[in-house]
Amino acid sequence: MADLDQLRAEAEVARREGRLKDAAELYERAASEEPDALRAGHARRHAAEIWIKNGQVSEGRVAIARVMQTYRERGVGGLELANALRVQGLAAEAAGELAEACAAWSEAGRLYEEVGVAEGAAEAKRRVAKMTAA
């Protein structure tokens, strides 16, 4: 486990330093080596978000789809699911799939409200409003 914790720590350092490609690869490596599916999903969610921000939308969409499948199968909810839906929304938006993006952002917004994360709920509302106004 220490090796996986080290990989995640290195990924976070790379992310903070702006080395997005390195960060995404480290998070994905940690996810691939993690035996616990939920911890793997958490690391893979970070990789997906970085790939999307780095313009690697197809990689991000594949990664977040794996996370969402795991989370849905395992009944993950609350903040962890909201954060994954946020990344799914970002991925769908980046791919031009606005209906999918609106659905993900709407569900994320509801969950953020339920768990009391006002910033997340506000971001979700802004994004849905922007997409539906277009």
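Of all residues in the range 81-100, those that are farther than 16 Å from ALA129 by Cα have Cβ atoms under 6 Å from Cβ atoms of residues that are open to solvent by 40 Å² or more (accessible area, probe 1.4 Å), 6 or more apart or on another chain, in LEU85/GLU107; ALA91/ARG61.
Scanning the range 72-88 for residues that are closer than 20 Å to ILE52 by Cα and not aliphatic (A, V, I, L, M), which turns out surrounded by the most Cβ atoms within 10 Å (Cβ to Cβ)? Quick ask: steps written out before the conclusion?
Looking only at the range 72-88, we keep the residues that are closer than 20 Å to ILE52 by Cα, and these are 80-88.
Then keep just the ones that are not aliphatic (A, V, I, L, M); that gives 80, 83, 86, 88.
Working: GLU80: 17, ASN83: 21, ARG86: 24, GLN88: 27.
Looking at the filtered set, the residue picked out is GLN88.
If we scan the range 121-129, do we find a residue that is under 17 Å from ALA24 (Cα atoms), among the β-branched types (Val, Ile, Thr), surrounded by 19 or more Cβ atoms within 10 Å (Cβ to Cβ) and modelled with pLDDT of 95 or more? Within the range 121-129, not a single residue is under 17 Å from ALA24 (Cα atoms), among the β-branched types (Val, Ile, Thr), surrounded by 19 or more Cβ atoms within 10 Å (Cβ to Cβ) and modelled with pLDDT of 95 or more. The residues in the range 94-120 that are open to solvent by less than 50 Å² (accessible area, probe 1.4 Å), closer than 23 Å to GLY55 by Cβ and assigned to a helix (DSSP H, G or I) can be counted, and the count is 5.
So that you can scan it fast, the table gives a plain yes or no per residue for (1) more than 27 Å from SER32 (Cα to Cα); (2) out of contact with any helix residue (DSSP H, G or I) (no Cβ under 9 Å at 6 or more places or on another chain); (3) polar (S, T, N, Q):
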| position | (1), (2), (3) |
| --- | --- |
| GLY60 | no, no, no |
| ALA65 | no, no, no |
| THR70 | no, no, yes |
| ARG74 | no, no, no |
| ALA84 | no, no, no |
| ALA99 | yes, no, no |
| GLU113 | yes, no, no |
| ALA122 | yes, no, no |
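From LEU20, LEU7, grab the single residue that is touching an Asp or Glu at 6+ places or on another chain (Cβ under 8 Å) and free of Cβ contacts under 8 Å to residues at least 60 places away in the same chain.
Numbers: LEU20 fails: touching an Asp or Glu at 6+ places or on another chain (Cβ under 8 Å).
When all the criteria are applied, what remains is LEU7.
In this entry, ALA91 passes the filter for residues that are out of contact with any Asp or Glu (no Cβ under 6 Å at 6 or more places or on another chain), of a type in the set (A, V, I, L, M, F, W, C) and either modelled with pLDDT under 95 or buried (at least 24 other Cβ atoms within 10 Å of the Cβ) (or both).
LEU38 passes every criterion in (1) hydrophobic (A, V, I, L, M, F, W, C); (2) touching a Phe, Trp or Tyr at 6+ places or on another chain (Cβ under 9 Å); (3) under 15 Å from LEU90 (Cβ atoms) apart from (3).
Of the residues ALA30, ALA9, ALA63, only one is more than 12 Å from the chain's Cα centre (by Cα) and buried (at least 22 other Cβ atoms within 10 Å of the Cβ); which?
On the way: ALA9 fails: buried (at least 22 other Cβ atoms within 10 Å of the Cβ); ALA63 fails: more than 12 Å from the chain's Cα centre (by Cα).
Step by step, each of ALA30, ALA9, ALA63 is checked, and only ALA30 is more than 12 Å from the chain's Cα centre (by Cα) and buried (at least 22 other Cβ atoms within 10 Å of the Cβ).
The values are calculated or read from the model by the stated rules, or taken from the named source; none is laboratory data. Note that the structure is predicted; figures quoted are calculated from it, not measured. Quick reminder, even Gly has a Cβ in these numbers, built from the backbone with ideal geometry, and neighbours come from all protein chains shown. These accessible areas exclude ligands, DNA and RNA; they are computed on the full protein's heavy atoms, side chains included. Shrake-Rupley method; radii C 1.70, N 1.55, O 1.52, S 1.80 Å.
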